[in-house]
Amino acid sequence: MGKVYLTGAGPGDIELLTLKAAKVIKQADIIIYDRLANPEILKMAKNGCEFIYVGKEDGKHILPQDEINEVIYKSALKADVVVRLKGGDPFVFGRGGEEGKYLHERGIKFEVIPGITSAISVPAYAGIPVTHRGISVSFRVVTGHEAPNKETSQIPWENFKTDDTIVFLMGLHNLNNIAQKLIEIGKPKDFPVAVISKGTTPEQKTVVGTLENIYEKAKNLPTPALIVVGKVVNLREDLSWFEKN
């Protein structure tokens, strides 16, 4: 039996891949990768490496998660080094915990290689620090897209009333609902919001608005996109460095 590396590919910019991730990618016999992993990373693999795509986009899954788990498991039965390459970080809404648990139950050795999560790196590339002295001493990271088969939402909206900064991942298609929910719990309608599309890539685009108007301003941006809610958004005027204005 081989070993599986649950590996974070980072947010998109290939230069944000960690040295440890690059090392195991070069050693891999099989790489199982998703849509958000920069495809240029695969060029680092050795000759003869097998590539298995298990991506998903806008609810369209090549394979459901339980089948992905089985693909990883069976790959470990026939190869020494298996890399499960996941956009961002495996444990930040990446379902890496589910995959690791599945492997553990079947006696497969695995290791987690953290990746730079989009929750901090994408705002940074947009000139938005998630914390800033005198403005924000904390930030919350929230899924912007819950499983459609859930009977009730697990998102504790009432807890967000006093949050300094809130980052929603994978929430573009739910943007209007997110904005309305935050207004309902007491956030001002003119509270600053930014939506960042294709963060850390050459196609990055940032749209800034308020809870009241952000949906109309940003609804047509391409995915993947990330939402930042908080007064730190206003710092973009001074800290924007990556995009060409």
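The values are calculated or read from the model by the stated rules, or taken from the named source; none is laboratory data. Only a predicted model underlies this, so the values are computations on that prediction, with no experimental measurement involved. With ideal geometry, Cβ positions are generated from the backbone for all residues, glycine too; neighbour counts draw on all protein chains shown. Just so you know, the surface numbers come from the protein's heavy atoms only, side chains and all, with ligands and any DNA or RNA stripped out. Shrake-Rupley method; radii C 1.70, N 1.55, O 1.52, S 1.80 Å.
In table form, for the structure just shown:
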| read-out | value |
| --- | --- |
| Per-residue ³J(HN,Hα) for the range 15-31, Karplus 6.51 cos²θ - 1.76 cosθ + 1.60, θ = phi - 60°, Hz, x for Gly and Pro | 6, 8, 5, 6, 4, 5, 5, 4, 4, 6, 4, 5, 9, 5, 8, 9, 10 |
| Contour minus Cα-Cα distance for Glu158 and Ser138 (0.36 nm per residue) | 5.5 nm |
| Of the chymotrypsin sites (Phe, Trp or Tyr not before Pro) in the range 180-245, those whose Cβ has at most 13 other Cβ within 10 Å and which sit in DSSP loop | Trp241 |
| Cβ charges +1 (Lys, Arg) and -1 (Asp, Glu), total dipole of the chain, debye | 360 debye |
| Under 23 Å between alpha carbons - lysine pairs in the range 132-245 that sit 8 or more apart or on different chains | 28 |
| Degrees, to the nearest 10: 175-184 long Cα axis against longest axis of the chain | 50 degrees |
| Interchain or long-range residues, amide H under 5 Å from Phe191's placed H | Leu211, Glu212 |
| Global geometry of the range 76-165, whether rounded, prolate or oblate, following the gyration tensor of its Cα atoms and the 1.5 cut on a/c | oblate |
| DSSP-loop trypsin sites (Lys or Arg not before Pro) across the range 169-200, with at most 12 other Cβ within 10 angstrom | Lys189 |
| The range 103-187: GluC sites (Glu not before Pro) in DSSP coil with no more than 15 other Cβ atoms inside 10 Å | Glu146, Glu151 |
| Cut-off under 5 Å, modelled amide H: who pairs with Val141 long-range | Val167 |
| Relative contact order of the range 106-220, defined on C-alpha pairs under 8 angstrom at six or more residues apart (%) | 23 percent |
| Degrees between helix 65-78 axis and first principal axis of the chain (Cα, 0 to 90, nearest 10) | 30 degrees |
| In Hz, Karplus ³J(HN,Hα) per residue of the range 86-101 (6.51, -1.76, 1.60; θ = phi - 60°; x = Gly, Pro) | 10, x, x, 10, x, 9, 9, 6, x, 6, x, x, 5, 5, x, 5 |
| Charge sum, other residues only, whose C-beta stays under 9 Å from Tyr102's C-beta, Lys/Arg counted +1 and Asp/Glu -1 | -3 |
| Integer Hz, Karplus 6.51/-1.76/1.60 couplings in order for the range 211-222, x for Gly and Pro | 4, 6, 10, 5, 4, 5, 6, 10, 4, 9, 5, x |
| Surface accessible to a 1.4 Å probe, Val112 within the full protein complex, Å² | 50 Å² |
| Lys, Arg +1 and Asp, Glu -1 on Cβ, resulting dipole of the range 151-203 about Cα centre, debye, nearest 20 | 100 debye |
| Efficiency of FRET from Cβ geometry, Glu70 and Gln27, R₀ 22 Å, rounded to 0.05 | 0.40 |
| Spherically averaged projected area of the range 12-141 from its Cα convex hull (nm²) | 9.2 nm² |
| Principal axes of the chain: Cα extent on each, largest first, Å | 56, 43, 32 |
| Three-way shape label, the range 109-216, alpha-carbon gyration tensor, a/c 1.5 | rounded |
